[in-house]
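*Asks:* Supplied in structure tokens, the structure appears directly below.
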Amino acid sequence: MNLLRRHPIALGLLVLLIVSGLQPLPPLLDAVTGTVPAGADLVRPTTYTMLAPLSNVLDALTFLSLARARAFLAVWVIALGAWGALRRGSLGRRLGRAVIGPLAIVLLGVGAVLLPRPVPALVTSDSSVTVLDYHAHTAASHDGRPGWQLADLAAWHAAQGFEASYVTDHNVVFNQTIDEPIRLLPGVEWSVFGQHIVAIGAVAPIDRSVYNRDTRSMLRLFAELHRQGALGLASLPEYWVSHWSDLDDFVAAGVDGFEIVNCAPKAIGFPQPQRARVLQLAAQHDLLVVGASDNHGWGKVTCVWNLSSPSAHGYRANHVIARPIALAQGEWEPWTAAYTQPWLMLRGLSWSERSSWITWILVILIYRAVPRRAGDSAGIGILARSLELFKLRRPPSPPAQGGKTSP
């Protein structure tokens, strides 16, 4: 009872780790069928698992939709600030706690965007498919990370199991040939009248003003891409936000496919009912459905991969493999993010990650629980605080012969 009273947060977290393990989420889901994909798995580097509490938290923050990120930040900043201010202590200590908690949340968010770290990689046992990304950016895009070059983009993809990626900068055509460490493929993302159209394949420059007047003019871009020998995909969140009632017109105009998962904060919250509607339309007209990292150099981890088969075409040519926590962003109201995102994160842990969490919690509990003995130096952490427990004690000297003791 004394341990529970002194360390309720740590013990509560241990309980949540165990309970969430009783109803775990799979590491990956097929975004079309909602089932666990056969022959594909998520491999976590050793350092990722060793630092699982930090790795998992940074990933979970990366996979928040924009609306849920705002709600998450607001709730936790207010809650931690109030908790710090209301705890016992001097005014200075209470003000310090009220600042440190919210600051830690903000720094974690910044770390999720900028901090270099190990990331999971997708592996597949099917050698007939290519692990592909249909939509990614460099610093050539107006909103790309400064200095984010082709080599950075290729390395980012290679670390997560991709074998190839289309380079689709905003209104900047990429037609180079790069094969190492992965193959970078030609493409562009055209911004035209409330819609971004991802063009993949050898693409020529266009006069965007011709396609930027209204919806009808925008739809003519698909025919132009076909004339060039390229494919045109409707990107998220634009067709969801601005052209949802025009999807049949997209099909009639010759759209080749739709993004159904996009990792960008504005698009990751695409709701499941809308995804089902697009899947129905794509299946009916044999259109391609894809996932997109939409990487701009911000953030270290992707939420989606594509297993692309060159022997198939249309609806069956690609399998979209996504992280369940990403697919869940459209299923929960934004105001629930403060507690649903941590719960989704805990449910998504592998048992090796769960073991790492438990180990770190126990280490911290031991550190906090071992009392400092009189005379112990300040030292460094648990070693200094518990050193006395591990010192070798000399056994007492035997009494001298004849019952005499030394003077």
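The values are calculated or read from the model by the stated rules, or taken from the named source; none is laboratory data. What you see is a predicted model, and the numbers here were worked out from it, not measured in a lab. Virtual Cβ from ideal backbone geometry, glycine too; neighbours counted across all protein chains shown.
*Asks:* Which of the residues belonging to region 47-104 are within 28 Å of Glu331 (Cβ to Cβ) and among the aromatic types (Phe, Trp, Tyr)?
*Replies:* Listed by number, the residues that qualify are Tyr48, Phe63, Phe72, Trp76.
*Asks:* Here is a list of conditions, (1) closer than 20 Å to Ala136 by Cβ; (2) in contact with a strand residue (DSSP E or B) (Cβ under 6 Å, 6 or more places away or on another chain); (3) surrounded by fewer than 22 Cβ atoms within 10 Å (Cβ to Cβ), and Asn212 meets all of them except one; can you say which number that is?
*Replies:* With respect to (1) closer than 20 Å to Ala136 by Cβ; (2) in contact with a strand residue (DSSP E or B) (Cβ under 6 Å, 6 or more places away or on another chain); (3) surrounded by fewer than 22 Cβ atoms within 10 Å (Cβ to Cβ), Asn212 is out only on (1).
*Asks:* Then there is this: Give me the residue from region 78-123 that is within 27 Å of Trp148 (Cβ to Cβ) and of a type outside the set (A, V, I, L, M, F, W, C) and, out of that set, surrounded by the most Cβ atoms within 10 Å (Cβ to Cβ).
*Replies:* The extreme case among them is Pro120.
*Asks:* Now, a different point. Residue under question is Val119, and the condition is that it be among the β-branched types (Val, Ile, Thr) and touching a Lys or Arg at 6+ places or on another chain (Cβ under 8 Å); does it hold? Full working, then the answer.
*Replies:* Numbers: among the β-branched types (Val, Ile, Thr): yes; touching a Lys or Arg at 6+ places or on another chain (Cβ under 8 Å): yes.
Yes; evaluated as a whole, the condition is true for this residue.
Matching residues to (1) under 26 Å from Val75 (Cα atoms); (2) of a type in the set (S, T, N, Q):
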| position | (1), (2) |
| --- | --- |
| Thr302 | yes, yes |
| Ser308 | no, yes |
| Ala322 | no, no |
| Ala326 | yes, no |
| Gln329 | yes, yes |
| Ala337 | yes, no |
| Leu344 | yes, no |
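*Asks:* Checking Leu14 against (1) under 20 Å from Leu365 (Cα atoms); (2) touching a Lys or Arg at 6+ places or on another chain (Cβ under 7 Å), which test does it fail?
*Replies:* (2)
*Asks:* A further question follows. Quick check, is Ile200 farther than 27 Å from Leu64 by Cα, touching a Pro at 6+ places or on another chain (Cβ under 8 Å) and crowded, with 18+ Cβ neighbours inside 10 Å?
*Replies:* Values: farther than 27 Å from Leu64 by Cα: yes; touching a Pro at 6+ places or on another chain (Cβ under 8 Å): yes; crowded, with 18+ Cβ neighbours inside 10 Å: yes.
The answer is yes for Ile200.
*Asks:* Taking the conditions exactly as written (buried (at least 21 other Cβ atoms within 10 Å of the Cβ), at pLDDT 95 or above and more than 29 Å from Asn56 (Cβ to Cβ)), does Leu281 satisfy them or not?
*Replies:* So Leu281 does not fit the description; no.
*Asks:* Next question, about the same structure. Looking at Asp143, Asp126, can you tell me which residue is assigned by TED's automatic domain parsing to the domain that holds Ile325, more than 30 Å from Pro237 (Cα to Cα), touching a strand residue (DSSP E or B) at 6+ places or on another chain (Cβ under 8 Å) and not hydroxyl-bearing (Ser, Thr, Tyr)? Outline the logic, then answer.
*Replies:* On the way: Asp143 fails: more than 30 Å from Pro237 (Cα to Cα).
After applying the criteria, what remains is Asp126.
*Asks:* Filter region 267-282 for residues that are in contact (Cβ under 8 Å) with a residue 60 or more places away in the chain and either in a helix (DSSP H, G or I) or acidic (Asp, Glu) (or both); which is nearest to Cys303 (Cα to Cα)?
*Replies:* Across region 267-282, the extreme among qualifying residues is Arg275.
*Asks:* Take the conditions touching a helix residue (DSSP H, G or I) at 6+ places or on another chain (Cβ under 8 Å) and touching a residue at least 24 places away in the same chain (Cβ under 8 Å) and apply them to Leu95. Does it pass?
*Replies:* No; evaluated as a whole, the condition is false for this residue.
*Asks:* Quick check on region 313-323. Is at least one of its residues modelled with pLDDT of 95 or more and surrounded by fewer than 17 Cβ atoms within 10 Å (Cβ to Cβ)?
*Replies:* No, every residue in region 313-323 fails to be modelled with pLDDT of 95 or more and surrounded by fewer than 17 Cβ atoms within 10 Å (Cβ to Cβ).
*Asks:* List the residue pairs whose Cβ atoms are under 8 Å apart, where the first residue sits in region 117-128 and is within 15 Å of Val36 (Cβ to Cβ), the second is surrounded by 12 or more Cβ atoms within 10 Å (Cβ to Cβ) and of a type in the set (Asp, Glu), and the two are 6 or more positions apart or on different chains.
*Replies:* Matching pairs, first to second residue: Leu122/Asp41; Val123/Asp41; Thr124/Asp41.
*Asks:* Ok, one more. Here is a check on your reading of the model: is Pro310 touching a Leu at 6+ places or on another chain (Cβ under 6 Å), surrounded by fewer than 24 Cβ atoms within 10 Å (Cβ to Cβ) and not in a helix (DSSP H, G or I)?
*Replies:* So Pro310 fails the test.
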